[in-house]
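A short worksheet on the structure shown next.
Read-outs: derived from the displayed coordinates by stated rules, not from any lab. Since we're looking at a predicted model, the values are computed, not measured. Here the Cβ positions follow ideal geometry from the backbone for every residue, glycine too, while neighbour counts run over all protein chains shown.
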Amino acid sequence: MTRMSQQRASHGLTLTSRVTTLNVIIGSAAVLFASLALIALQYFSLRSALLDDLRTQARIIGDNSASVLLFDDAKAAAASLAPLSSLPHMQEAELRTAQGKVLASYDRGEASSDKTPWPKEGYRFGLTSVAVVEPIEFDHQTVGSIRLRAGLNILYGRLLSYAGTTLLVSATALGLALLLVVRMRKAVSRAESQLQYLAHIDPVTQLPNRHAFNQRLAHAVGRYDPARGEVALLIIDLDNFKLVNDTLGHLSGDQLLGMVAKRFSTHLRHDDTVCRIGGDEFAVILEHVLRDDSALAIAQKLIDALAAPFSLGQQEFFISASIGLSFYPADADDTAGMFRNADIALYAAKARGKGTVDQFASAMTERAQHRVSMELNLRRALEQGEFLLHYQPQVELASGRIIGVEALIRWNHEGRLVSPNEFIPVAEDTGLIVPIGEWVLSEACAQARRWQDRGLPTLSMAINLSARQFDAEDLAQKILRAAGEAGIAPERIELEITESAVMHNTAASVRTLQALSDAGFKVAIDDFGTGYSSMSYLKRFPINRLKIDRSFVTDLTADKDDAAMVAAIVAMARALGLEAIAEGVETREQYVLLQQLGCHQGQGYLMSRPLPAAEVEKLLAAPADDPVTAPGLSAVPGVPALAPGNSA
Ligand code: C2E
Ligand code: MG
Ligand code: MG
């Protein structure tokens, strides 16, 4: 747990213990109050019982003594008072005639000096005794009175034992309740600390999580001391982590993250902070560093720490990381700015290639802003129909005939045709490629249908798909719908995908491609030879064509290795029953050599640049019997003529 969260936790605990103490005090006061109320109630009920007793006794003696009073018989009067002596609380008794003469009396002799005075009639309570005076009547005439005085000692004795019991019971109950509260408080504080832990620690790597990272960065910036150097923030992103997750499963992914975390931790000083701030994102906070190369060196050390392979079960796995670096206060004046700039630097590092580190520079902000404005413009372009398609012919090398076209998107932005290389990466990053891709699909299908309706020769239409489009579950349905709405046979459509696009989520990609292939669509691997190194996917995916990447064709005639590469790809394609088409054919020599190497088809500036639909139409509108030869080839006499003999 971090120091700050510990402080907060202990602060929370003292607060709860204070609240508990207050509750206990209030509870005890309530119990005490209730006990006192019960004792008071008991006192009044004992008092009224005693009074009832006395008055009943007075009445009984009075009734028995009426004739005695009438006859002024002192002896009989004394006899009627005699039974009172057996009552322990009775202190005094008197029988008086109507004239006030005491006919008989009884005195236990223990009445103290503060005797309760006799009332005129009725009763009077004193501190130590109660006095009762009842008139005695005979034949509706008062013939005398009886006076009784009883001590309250017995009442007080009973009250005392009642109070003792009540207080004992209350105290026991209170004690038990207190015990429960203390136990509960312990359980609650244990749960609280557990929650605190979970709120700040990432369970997969046991590193501080994003929440804790924010606090620590704020803390580091808060105690920044110019005399001791700057605060550096490194944001680390694992380059190919998604591949591990997708191919080996999430459990292995988590295991790998744990191992990566351990390597990072062992390569950092004790007081550097490393946190996991997202799926495959880590952050390192370095305090008191100079803005020289030392932070960069640490970043490089972390990249190097991943160089050795990780073993996951039986497999060994290589993983690399890209790092963005920013400093406080040189690059930003708060934590948010620091994070933003480290992120921009990370983006720049990724763009340079994997496994690199980049330090924030203000020029990067301009680039980032450019991206943001590009995104806005792309959205507008989609709404206002600024996209268009050009079509590049694909040629059968043997005959020079155009057999298909590839649809290539262009953006007519403020009078300039923007290359897809400029905006497709941004569209992919922002997800805009999904609606843009849908537009391409429906426009290319519609164009194929228009050509078909005009009776032009049957061509295949190649359409590029990007990785991001494969993330959508309904890609196959979308493509089927686009072809269906245009009324174009799926066999005429070829979908171009790159190796990396499908490797990124293999299981789902296989499903999508299989569904499309079952429906009749063709599939080509674009830029073949530049992507993923494993070729086992060639068996799993329903593929019809390999498009040999331009990089192998460019130096084909000069570089023996490139020629060997192309020959190998062509041989492999043939062995797997696939076609091979060479991209970027620019010269006659390349064309001829490709033909000799047995490559089936070609596409490139030699034959034709990508053209607007109307120009493709002019090209194709030759009499149907004539083979439509690519325009570039007619200017290269002899090339198609080489074809028949050399193509196998
Ligand atoms: P790609 O699919 O490999 O397309 C071939 C690219 O090579 C095209 O660039 C084409 O104009 C260019 N090219 C063809 N022949 C030659 C040649 O002889 N020499 C040279 N130097 N280049 C040649 P473009 O049109 O700029 O497209 C670039 C990339 O943008 C495409 O590469 C493709 O990955 C992507 N792209 C284009 N249209 C779309 C689209 O509709 N959707 C998606 N997702 N990506 C597209
Ligand atoms: Mg392509
Ligand atoms: Mg390509």
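Couple of notes before you dig in:
- Proxy reagent accessibility, fewest Cβ within 10 Å first, across Val502, Val31: Val31, Val502
- Residues Ser113, Ser460, sorted so that the one with the fewest Cβ neighbours within 10 Å comes first: Ser113, Ser460
- Centre separation in Å (Cα based) which lies between segment 455-486 and segment 386-452: 12
- Rounded to 10°, Cα long-axis angle of helix 3-70 versus longest principal axis of the chain: 20
- The alpha carbon centroids of segment 283-312 and segment 46-66 are separated by 102 Å.
- Global size of the chain: 51.1, 170 Å for Rg and Dmax (C-alpha atoms, Rg to one decimal, Dmax whole).
- In the chain, the longest principal axis of the Cα atoms and the axis of helix 250-266 are about 80 degrees apart.
- Each Lys and Arg adds +1 at its Cβ and each Asp and Glu adds -1 at its Cβ; summed about the Cα centre, segment 93-152 shows a dipole of about 160 debye.
- Angle of helix 153-200 to the longest C-alpha principal axis of the chain, folded into 0 to 90 degrees and rounded to 10: 10°.
- A run of the chain free of exposed loop cleavage sites, with GluC sites (Glu not before Pro) counted only in DSSP states other than H, G, I, E and B and at most 16 other beta carbons within 10 Å, reaches its longest extent at 122-385.
- Considering only Ala571, Leu606, Thr554, the residue lying farthest towards the positive end of the dipole of segment 550-616 is Ala571, judged by Cα position with unit charges set on Cβ.
- The P(r) of segment 140-259 has a tail past 23 Å containing 71 percent of all C-alpha pairs.
- Taking Cβ atoms as reference points and 11 Å as the exclusive limit, the residues near Pro612 contribute a net charge of +1, counting Lys and Arg as +1 and Asp and Glu as -1.
- Residue order, fewest to most surrounding Cβ atoms within 10 angstrom, among Tyr106, Tyr605: Tyr605, Tyr106
- In straight-distance terms, cross-link reach from Lys478 covers every one of the lysines whose alpha-carbon lies under 20 Å from its own, apart from those fewer than eight places away in the same chain; here that gives Lys522.
- Net charge dipole size for the chain [Lys, Arg +1 and Asp, Glu -1 on Cβ; Debye, nearest 20]: 2480
- Partners of Lys115 within straight-line reach, counting aspartates and glutamates whose Cα lies under 17 Å from its Cα and excluding those fewer than 8 residues away in the same chain: Glu92, Glu94, Asp107.
- Over the chain: helical MRE at 222 nm, DSSP H runs n ≥ 4 each giving -39500 (n - 2.57), nearest 500: -17000 deg cm²/dmol
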